[in-house]
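Notes follow once the structure below has been shown.
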Amino acid sequence: MTNSLAGKVAAITGGARGIGDAIAARLLSDGARVFALDKIAPDEPRDGVTYLETDVTSPDSVANAFATIDAQAGQIDILVNNAGIQRVGLVGQVSFADFSAVVATHLNGFFLCASEVVPRMVRRGKGGAIVSIASTAAFVGLPGRGAYCAAKAGILGLTRALSLEVATQGIRVNAVAPGFTRTKFIEQGLADGSLQEDWMVARVPMKRLAATEEIANAVRFLAGDEATYMTGQSIVVDGGWIVQGIPEAPTWLQASS
Ligand SMILES: NC(=O)c1ccc[n+]([C@@H]2O[C@H](COP(=O)([O-])OP(=O)(O)OC[C@H]3O[C@@H](n4cnc5c(N)ncnc54)[C@H](O)[C@@H]3O)[C@@H](O)[C@H]2O)c1
């Protein structure tokens, strides 16, 4: 067993920027050959990453991307389902198109990519790792983000079900659930007023947002040989956000230096 990713081929959806770009960088630096599947081109392409224009909501587009990976690399060992969008609006006001777009990107995207990857991994007989980016929104309710909460909770459900389907094949299926992470995704919420940085930071026990690399570290763990007995699970990387019951606990109940 080695924890190097040398000789492994990884596909990362939404890999052109943000968390996906950090995951691409991490897997690349640990030796993997990396394909980034994104509907946009990167502003700053990384040397060594192959960018494939892909829409994860489209079965044809996803099939084309994995056919290209077959032709260029001949195998797929790691799939990271990371592509995501946000649409904010209350049920009764948000359009069906917006609701559907969120579910299609996060949940259908995972299904479509896994549908391409699983048969290839099974045929090759060398196992594999599928890691999907969920969210703290998979565990708690966020008003105005019903589609997002539903899609992210759905990712955990599909993770658990798929993990059982492929366990005997040595294919592990897990998820990472980030908290607030500084990317364009969050900037969009700050711009439309649905998020406020002081509100967010105040409620995070560690009193800061995550760096994209901190999310990539958890993905890297689940994708590699240090996690060979983990499947069907999720790792929450949120600075303590979802476990706090008393946000304003008195200082004598907190450690101080
Ligand atoms: N930033 C956060 O605070 C946070 C918190 C929890 C979870 N997440 C999740 O992390 C993931 C990455 O988000 P991010 O913060 O890096 O946002 P981001 O907007 O910077 O990156 C998302 C990427 O997904 C791509 N994408 C969107 N729709 C796509 C499609 N149909 N096909 C292919 N690519 C598509 C975008 O082009 C973009 O490059 C998302 O799944 C998001 O829900 C983010």
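The values are calculated or read from the model by the stated rules, or taken from the named source; none is laboratory data. These figures come from a predicted structure and were not determined experimentally. Methodologically, a virtual Cβ is constructed for each residue, glycine included, from the backbone with ideal geometry; neighbour enumeration extends over all protein chains shown. Quick note on the areas: whole protein, heavy atoms, side chains included, nothing else; ligands and nucleic acids left out. Shrake-Rupley method; radii C 1.70, N 1.55, O 1.52, S 1.80 Å.
Given the criteria assigned to a loop (DSSP other than H, G, I, E, B), over 23 Å from VAL118 (Cα atoms) and not basic (Lys, Arg), does ALA41 qualify? Judged against the criteria, ALA41 is a match. Selection within region 44-59: residues that are near the ligand (Cβ under 10 Å from one of its atoms) and in a loop (DSSP other than H, G, I, E, B). The member of this set that is farthest from VAL103 (Cα to Cα) is THR54. Counting only residues that are closer than 30 Å to GLY125 by Cα and either near the ligand (Cβ under 8 Å from one of its atoms) or touching a residue at least 24 places away in the same chain (Cβ under 8 Å) (or both), region 166-216 holds 13 of them. From the list ILE78, ILE69, the lone residue that is open to solvent by less than 80 Å² (accessible area, probe 1.4 Å), more than 26 Å from ARG145 (Cα to Cα) and in contact with a Phe, Trp or Tyr (Cβ under 8 Å, 6 or more places away or on another chain) is ILE69.
Selection over region 196-231 of residues that are of a type in the set (A, V, I, L, M, F, W, C) and not in a helix (DSSP H, G or I) gives a count of 6.
Please find, among GLY92, GLY7, GLY20, GLY31, the residue that is small (Gly, Ala, Ser), open to solvent by less than 40 Å² (accessible area, probe 1.4 Å) and not in a helix (DSSP H, G or I).
Working: GLY92 fails: open to solvent by less than 40 Å² (accessible area, probe 1.4 Å); GLY7 fails: open to solvent by less than 40 Å² (accessible area, probe 1.4 Å); GLY20 fails: not in a helix (DSSP H, G or I).
From the options GLY92, GLY7, GLY20, GLY31, the qualifying one is GLY31.
Table: residues versus (1) without any contact (Cβ under 8 Å) to a residue 24 or more places away in the chain; (2) assigned to a helix (DSSP H, G or I).
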position	(1), (2)
SER61	yes, yes
GLN75	no, no
PHE99	no, yes
GLY109	no, yes
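Whenever a residue of region 217-239 is closer than 20 Å to ALA32 by Cα and crowded, with 20+ Cβ neighbours inside 10 Å, its partners that are at pLDDT 95 or above and basic (Lys, Arg), lying with C-beta atoms within less than 7 angstrom and at least six residues away or across chains, give the pairs ARG220/ARG26. Checked against the criterion of being away from the ligand (no atom under 11 Å from the Cβ) and assigned to a helix (DSSP H, G or I), region 131-139 has no qualifying residue.
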